[in-house]
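Q: Below are the structure tokens for one structure; questions will follow.
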Amino acid sequence: MAVSQRIFAALLASNMAVGAACAQEATYVFEWIGDGGYKMQGAMSFDADLATAPFVDQDDISCFVIEGFVADRKVGRWALSDLAPETTWILTFLPDRSEFAVSHPSYAMPQGWNMNGRGDDCGPGGFGFNLGNLGQDLCLDNELHEASRVGSYRPFKALRDDDAVLPADACAGIIPTS
């Protein structure tokens with residue numbers, strides 16, 4: 001198990017209420033390393049039948065969670081159950097390559113996870129990630145953190161791990177009780 005997988009597994013076990021994973025889901029874990037000591041870890045799942053599709057988007061995702069860190073200190077979190085009508089929620093994943101789409105003429109802003117292109121809509125105390133033509137970066141407390149930014153064309157890989165268990169609030173329509 002890679003270091004980032006072990007870290008994320010420990011994070012899930014120690015900090016979150018754990019929900020049951022569905023057997024027909026394809027589950028992916030990922031870690032993004034930004035500049036300035038910033039990083040993000042996350043996981044997502046979608047119908048396993050889509051694992052051979054050319055792409056999946058936000059409408060295909062059944063569970064999703066991200067957590068942000070600066071110098072290994074947790075600074076934010078966002079889960080799919082936090083999705084509201086005003087939330088920026090754009091996701092483009094290429095299952096055949098096990099990677100998120102990066103800036104490309106076909107995908108001007110392929111990723112907007114609780115963060116628009118300006119980085120000013122992740123909410124008070126909120127956390128989000130954006131990948132667009134300016135770069136890949138994070139939003140904390142409704143502010144763009146340019147210090148986290150890396151190039152927009154840098155690959156962003158994910159690892160399929162159907163044994164990963166996502167927290168209950170990562171899944172659409174599930175509201176945590178604690």
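Every number in this text was worked out from the coordinates using simple rules, so none of it is lab data. Bear in mind that the values here come from a model prediction, so they are computed numbers and not experimental data. No Cβ is skipped: glycine too gets one built from the backbone with ideal geometry, and neighbour counts run over all protein chains shown.
Q: Points 7 angstrom from Cα along the Cβ direction at Y153 and E86: gap in nanometres?
A: Calculated label separation equals 3.7 nm.
Q: Related question: Between region 24-83 and region 94-163, how far is it from one alpha carbon centroid to the other, in angstrom?
A: About 10 Å separates the Cα centre of region 24-83 from the one of region 94-163.
Q: Can you give the net charge of the other residues whose Cβ lies under 12 Å from the Cβ of P124, counting K and R as +1 and D and E as -1?
A: Combined, the nearby Lys, Arg, Asp and Glu give -4.
Q: Along Cα→Cβ, 7 Å out, is where each label goes; now give me the distance between the ones at N142 and D162 in nm to one decimal.
A: 4.4
Q: Related question: Quick one: dipole size for region 3-170, taken about the Cα centre, charges +1 on Lys/Arg Cβ and -1 on Asp/Glu Cβ, in debye to the nearest 20.
A: Dipole size: approximately 540 debye.
Q: Sticking with this one: Starting from the Cα of D35, step 7 Å along the direction of its Cβ; do the same at A53; then give the gap between the two resulting points in nm.
A: The two pseudo-label positions are separated by 3.5 nm.
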